[in-house]
Amino acid sequence: MDSMIFGLPVVFFAAAVAVALFAGVVKGAVGFAMPMIMISCYSIFLPAPTALAGLIMATVLTNLAQAFRHGWRAALGSLRKYWRLIGMVVLFIGLSAPLVRVLPPNVLYLLLGVPIFAFSLSQLLGRQLIVNAVHRNRAEMLMGAVGGFFGGISGVWGPPVIAYLLSFNTEKTEMVRVQGVVFLIGAIVLLASHLTTGVLNAQTLPLSAVLVIPALGGMWIGFRVQDRLDPARFRKATLFILAIAALNLIRKGLMG
């Protein structure tokens, strides 16, 4: 019988560590994409509930580091400014998490992937969408609800939130910090939700915890990259990764 580490064959565990490290680098550089990378890669060789469990603890801890990188006052300021977005993410993660074993994932992947890819592509082609400030509150609540709904089911709530922040041409440092605050609160709700659904249990929780180590290591590397990116390159890098993530969601939806 093959040797097992944290309930996985050695080769699968090594692959899970490598994915967490890479996802950490990307998240450190642009502020998001860790759950998307991890769920996409883990789903190749792990059962869906284990794949989802594997990303949860790393998501909580890396977002904690990201949200408070510039101090608690800056994080609190972002929380106050974007309370509508955060509130809707939290509410809808809690509402949709119990549906993780009910709704067909391929349909959900397509519903999320297609519009996000269209948005990313149009932005990369120079058709920059900047939403009028008059519509900000409604847009904030809508995108928070969409992100939270998909987050509770798949662990991926980043794309709608990123699209919202890009639409208002948010400055780089604030954008990364806001992502950290929003994603941290959402990740805590996701953690609590899946402790009740059974996705996180005595078998999967230790695996999820150990994957925090490579994820944080990768994030430290990514921070160094982020600090060297000028705003224009940061925006392009964000859109490029968002487009790749959306294409992967579409692929998973079509293959499902």
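Computed values, structure above
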item: Nonlocal amide H pairs with ILE5, under 5 Å, H built at 1.01 Å; result: VAL10
item: Size of charge dipole - the chain - debye, nearest 20, with Cβ of Lys, Arg +1 and Asp, Glu -1, no other charges; result: 640
item: Extreme residue, positive dipole direction of the chain, given options VAL17, SER78, LEU95 (C-beta unit charges); result: SER78
item: Approximate spin-label separation ASN169-ASN106, in nm, with each point projected 7 Å along Cα-to-Cβ; result: 4.2
item: Sequence-separation-based contact order of segment 4-255, relative, with Cα cut under 8 Å and 6+ spacing, percent; result: 41
item: Kirkwood hydrodynamic radius over Cα pairs of the chain, then Stokes diffusion coefficient at 4 °C and 1.567 mPa s, in µm²/s; result: 72
item: Theoretical ellipticity at 222 nm over the chain - DSSP helices of four or more residues, -39500 (n - 2.57) apiece, nearest 500; result: -26500 deg cm²/dmol
item: Close Lys-Lys pairs in segment 4-255, where close means Cα under 20 Å and separation is 8 or more or interchain; result: 4
item: Taking segment 1-118 and dividing mean pair separation by its residue count, relative contact order in percent (alpha carbons under 8 Å, at least six apart); result: 12
item: ALA48-MET4 FRET efficiency (beta carbon distance; Förster radius 22 Å; 0.05 resolution); result: 0.65
item: Theoretical gain in end-to-end length, LEU121 to TRP72 [0.36 nm per residue, Cα-Cα removed]; result: 14.1 nm
item: At least 27 Å along the helix axis (C-alpha) and Kyte average at least 0.5, DSSP helices within the chain; result: 10-30, 48-67, 105-124, 172-197, 231-255
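The numbers here are math on the coordinates, done by the rules we state, and not lab data. Quick caveat, the model's predicted, so the values are computed rather than measured. Positions of Cβ are generated from backbone atoms using ideal geometry, with glycine treated the same way; all protein chains shown enter the neighbour counts.
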